[in-house]
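Note sheet for the following structure.
The values are calculated or read from the model by the stated rules, or taken from the named source; none is laboratory data. In this text the structure is predicted, and so the values were computed from the model without any measurement. Positions of Cβ are backbone-derived with ideal geometry, glycine not excepted, and every protein chain shown enters the neighbour counts.
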Amino acid sequence: MTKAVLWGVRLSPFYLKLEACLQFSRFPYQRLPVHGSRIENLKYLASLEQAKRNHSIKRYPQRDPQLDEYPSVPFFSTADEGLQFDSSSIAHWLDDHKQSEDNTPALRPNTPTLSFLSHLIDEAFDEFGLYMVHHMRWVGSAKSQEMGKRLGQEFKTALPPGGAMFLSKSFPKRQVRRCPYLFSVAPKGYQAGVSSALNPPSRDGFPETHTLLNHCWKQYVRSVDAVLQQQPYLLGERFTLADASVYGQLAMNLVDKEAADKLLALAPTTFNWLQKIEHGKHVPSPMENTELVISPLLKGLLNTIMGTFSALMVQNEKAYQLAWEQGERTFNETAFDNGKALYDGQILGYPFRAVVKTFQVRVWREIKAHWKSLPPSSKEELSTLIDVCELFE
């Protein structure tokens, strides 16, 4: 490889997030498979699958073999570093590998309080935000989404003849079946008005979560919109990793007609902001001087995050510790499919049942370690915005 490669599809929120980070950092890259030849894509895919088998794909700065899990997409590679995964970690790598003459601002704020806020918002949207936007695609836009067709188009030169057609038909069915793993459990007898193969499923013994996810999506979107009505980005006058994560998740639904219509009606400022980033207008000019701020406008969003994402992470980590002590070693989607490592909890008073996810244990432990490292002045400042900082202890 002679250039950086971003492998994945623009249907993925993490792909959108990472692409926005690459653009902001002015890091040149090639998009595969959509812009690659068949031979180029097949070679890259073969090397990717081999690297997965060898567990040689890196997460910057260090992979945790016990807790990390490879995603479906995206992956990023350079000639010097090889293959990497995890959009947030790759964003950190971009900050640490800027050219010496490059004066583009870092994606991660460099003051303790802003750095923690960016970290928290980033992970909240990556982990809990994914549940909401996945739900909005396969439930909220069940009648109008065209993801199978779009996926087939982007992967047509990475598959053998007929593969794109097969993928376009099988992918939506697979994703709908996975809805309960991604926290979207339908009520008993739910009918989405689509074919049975695309009807979001309920699951025996699992409380329905459609009500919770619909409520949370509106709460998150309104909280983001309240900030963006007053300032260009979440942390002030320029784009950061926090914005990248929010963009990746919410922009995923711009191509889902019913969800996009709801987003436009509920939060027009956010809708326009997402389109601005989609068209690359978040990239600063070389001489642009911008300022980051800690605004009281963030309080609504941060406390929404604490009541959902942070509450879920605390419960997930406790369930992991208990399952590990009891000898369980199978987690994540494999465990879910086999009815293992399940636990019951509550978010905002709504009951749920979920499987232990080890990568979320790692995420939450990193946030707690970040909080622990903060100076007392930063903790005091954050406590004026976040009502339950005790969850970080």
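Tell me, please, whether a residue that is surrounded by fewer than 19 Cβ atoms within 10 Å (Cβ to Cβ), farther than 11 Å from Phe76 by Cα and free of Cβ contacts under 8 Å to residues at least 60 places away in the same chain can be found in the stretch 14-27.
No, every residue in the stretch 14-27 fails to be surrounded by fewer than 19 Cβ atoms within 10 Å (Cβ to Cβ), farther than 11 Å from Phe76 by Cα and free of Cβ contacts under 8 Å to residues at least 60 places away in the same chain.
Can you name every residue in the stretch 281-322 that is over 23 Å from Leu107 (Cβ atoms) and not in a helix (DSSP H, G or I)?
none
Output the qualifying pairs, or none if there are none: Cβ atoms under 6 angstrom, residues six or more apart or on different chains, first residue in the stretch 351-366 and modelled with pLDDT of 95 or more, second residue in a helix (DSSP H, G or I) and of a type in the set (Phe, Trp, Tyr).
Going by the 6 Å Cβ cut-off, the qualifying pairs are Val355/Phe336; Val356/Tyr320; Val361/Tyr320.
Can you give me the number of residues within the stretch 48-61 that are surrounded by fewer than 16 Cβ atoms within 10 Å (Cβ to Cβ) and in a helix (DSSP H, G or I)?
Residues of the stretch 48-61 that are surrounded by fewer than 16 Cβ atoms within 10 Å (Cβ to Cβ), as a first pass: 49-50, 52-56, 61.
Applying the additional criterion that residues be in a helix (DSSP H, G or I) yields 49-50, 52-54.
Number satisfying all stated conditions: 5.
Going through Thr334, Thr290 one at a time, which residue ends up being closer than 27 Å to Met252 by Cβ, modelled with pLDDT under 95 and out of contact with any Cys (no Cβ under 8 Å at 6 or more places or on another chain)? If you could, list the steps in order and put the result at the bottom.
Numbers: Thr334 fails: modelled with pLDDT under 95.
After ruling out the rest, the residue left standing is Thr290.
Do we have Ser37 as of a type in the set (Ser, Thr, Tyr) and surrounded by fewer than 14 Cβ atoms within 10 Å (Cβ to Cβ) here?
Answer is yes for this residue.
Restricting to helices (runs of 4 or more DSSP H) lying wholly in the stretch 109-212: which have 2 or more residues that are aromatic (Phe, Trp, Tyr), more than 30 Å from Ile386 (Cβ to Cβ) and in contact with a Ser or Thr (Cβ under 8 Å, 6 or more places away or on another chain)? Before the answer, list the steps.
Numbers: elements: 112-124, 130-135, 147-154, 163-177.
Of the helices (runs of 4 or more DSSP H) lying wholly inside the stretch 109-212, none has at least 2 residues that are aromatic (Phe, Trp, Tyr), more than 30 Å from Ile386 (Cβ to Cβ) and in contact with a Ser or Thr (Cβ under 8 Å, 6 or more places away or on another chain).
Of everything in the stretch 62-93 that's outside any loop (DSSP other than H, G, I, E, B) and either of a type in the set (Phe, Trp, Tyr) or over 18 Å from the mean Cα position of the chain (by Cα) (or both), which residue is nearest to Thr358 (Cα to Cα)?
Going residue by residue through the stretch 62-93, those that are outside any loop (DSSP other than H, G, I, E, B) are 75-78, 82-84, 87-93.
With either of a type in the set (Phe, Trp, Tyr) or over 18 Å from the mean Cα position of the chain (by Cα) (or both) added as a condition, the list becomes 75-78, 82-83, 93.
On the way: Phe75: 20, Phe76: 22, Ser77: 24, Thr78: 27, Gly82: 25, Leu83: 21, Trp93: 23 Å.
Step by step, filter the stretch 62-93, then rank; the result is Phe75.
Only one residue in Ser245, Ser285 is in contact with a helix residue (DSSP H, G or I) (Cβ under 8 Å, 6 or more places away or on another chain) and polar (S, T, N, Q), so which one is that?
Values: Ser285 fails: in contact with a helix residue (DSSP H, G or I) (Cβ under 8 Å, 6 or more places away or on another chain).
Result of the check over Ser245, Ser285: Ser245.
So is Lys3 surrounded by fewer than 14 Cβ atoms within 10 Å (Cβ to Cβ) and not hydroxyl-bearing (Ser, Thr, Tyr) or not? I'd like the intermediate steps shown before the answer.
Values: surrounded by fewer than 14 Cβ atoms within 10 Å (Cβ to Cβ): yes; not hydroxyl-bearing (Ser, Thr, Tyr): yes.
Against the criterion (surrounded by fewer than 14 Cβ atoms within 10 Å (Cβ to Cβ) and not hydroxyl-bearing (Ser, Thr, Tyr)), Lys3 qualifies.
Mind listing just one residue for me: the one in the stretch 340-393 that is small (Gly, Ala, Ser) and closer than 25 Å to Phe206 by Cα and, of those, surrounded by the fewest Cβ atoms within 10 Å (Cβ to Cβ)?
First, the residues of the stretch 340-393 that are small (Gly, Ala, Ser): 341, 345, 349, 354, 369, 373, 377-378, 383.
Filter once more, keeping what is closer than 25 Å to Phe206 by Cα: 341, 345, 349, 354.
Values: Ala341: 24, Gly345: 16, Gly349: 7, Ala354: 25.
That would be Gly349.
Please work out if Leu263 is in contact (Cβ under 8 Å) with a residue 40 or more places away in the chain, within 21 Å of the chain's Cα centre (by Cα) and either more than 27 Å from Ala106 (Cβ to Cβ) or outside any helix (DSSP H, G or I) (or both).
Values: in contact (Cβ under 8 Å) with a residue 40 or more places away in the chain: yes; within 21 Å of the chain's Cα centre (by Cα): yes; either more than 27 Å from Ala106 (Cβ to Cβ) or outside any helix (DSSP H, G or I) (or both): yes.
Judged against the criteria, Leu263 is a match.
Name the pairs: first residue in the stretch 180-200 and on the phi > 0 side of the Ramachandran plot and without any contact (Cβ under 8 Å) to a residue 24 or more places away in the chain, second residue surrounded by 11 or more Cβ atoms within 10 Å (Cβ to Cβ) and of a type outside the set (Lys, Arg), Cβ to Cβ under 8 Å, at least 6 apart or on different chains?
Here the result reads Gly189/Ser202, each pair linking the stretch 180-200 to a residue that is surrounded by 11 or more Cβ atoms within 10 Å (Cβ to Cβ) and of a type outside the set (Lys, Arg).
Condition check: in contact with a strand residue (DSSP E or B) (Cβ under 6 Å, 6 or more places away or on another chain), surrounded by fewer than 21 Cβ atoms within 10 Å (Cβ to Cβ), modelled with pLDDT of 95 or more and on the phi < 0 side of the Ramachandran plot. Does Pro207 satisfy that?
Working: in contact with a strand residue (DSSP E or B) (Cβ under 6 Å, 6 or more places away or on another chain): yes; surrounded by fewer than 21 Cβ atoms within 10 Å (Cβ to Cβ): yes; modelled with pLDDT of 95 or more: yes; on the phi < 0 side of the Ramachandran plot: yes.
The answer is yes for Pro207.
Name the residues in the stretch 220-257 that are among the β-branched types (Val, Ile, Thr) and either assigned to a helix (DSSP H, G or I) or in contact with an Asp or Glu (Cβ under 6 Å, 6 or more places away or on another chain) (or both), would you? Break it down stepwise before answering.
The first filter runs over the stretch 220-257 and keeps only residues among the β-branched types (Val, Ile, Thr), leaving 221, 224, 227, 240, 246, 255.
Once the filter is applied, which keeps residues that are among the β-branched types (Val, Ile, Thr) and either assigned to a helix (DSSP H, G or I) or in contact with an Asp or Glu (Cβ under 6 Å, 6 or more places away or on another chain) (or both), the stretch 220-257 yields Val221, Val224, Val227, Val246, Val255.
Kindly indicate which of Leu292, Leu241, Leu263, Leu234 is touching a Pro at 6+ places or on another chain (Cβ under 8 Å) and crowded, with 19+ Cβ neighbours inside 10 Å.
Values: Leu241 fails: touching a Pro at 6+ places or on another chain (Cβ under 8 Å); Leu263 fails: touching a Pro at 6+ places or on another chain (Cβ under 8 Å); Leu234 fails: touching a Pro at 6+ places or on another chain (Cβ under 8 Å).
So the residue among Leu292, Leu241, Leu263, Leu234 that is touching a Pro at 6+ places or on another chain (Cβ under 8 Å) and crowded, with 19+ Cβ neighbours inside 10 Å is Leu292.
Which numbered condition in (1) under 23 Å from the mean Cα position of the chain (by Cα); (2) on the phi > 0 side of the Ramachandran plot is the only one that Ala142 fails?
Ala142 satisfies every listed condition except (2).
Select from the stretch 324-334 the residues that are touching a helix residue (DSSP H, G or I) at 6+ places or on another chain (Cβ under 9 Å) and among the hydrophobic types (A, V, I, L, M, F, W, C) and list them in ascending order.
Phe331, the sole residue that qualifies.
Being in a helix (DSSP H, G or I), buried (at least 22 other Cβ atoms within 10 Å of the Cβ) and within 17 Å of the chain's Cα centre (by Cα): is that true of Trp217 here?
Values: in a helix (DSSP H, G or I): yes; buried (at least 22 other Cβ atoms within 10 Å of the Cβ): yes; within 17 Å of the chain's Cα centre (by Cα): yes.
So Trp217 fits the description; yes.
Counting only residues that are charged (D, E, K, R) and surrounded by 19 or more Cβ atoms within 10 Å (Cβ to Cβ), which one in the stretch 102-144 is farthest from Leu297 (Cα to Cα)? Walk me through how you get there before you give the answer.
Taking the stretch 102-144 as the starting set, the residues that turn out to be charged (D, E, K, R) are 102, 108, 122-123, 126-127, 137, 143.
Remaining after also requiring surrounded by 19 or more Cβ atoms within 10 Å (Cβ to Cβ): 108, 122-123, 126-127, 137.
On the way: Arg108: 20, Asp122: 17, Glu123: 19, Asp126: 21, Glu127: 23, Arg137: 29 Å.
Step by step, filter the stretch 102-144, then rank; the result is Arg137.
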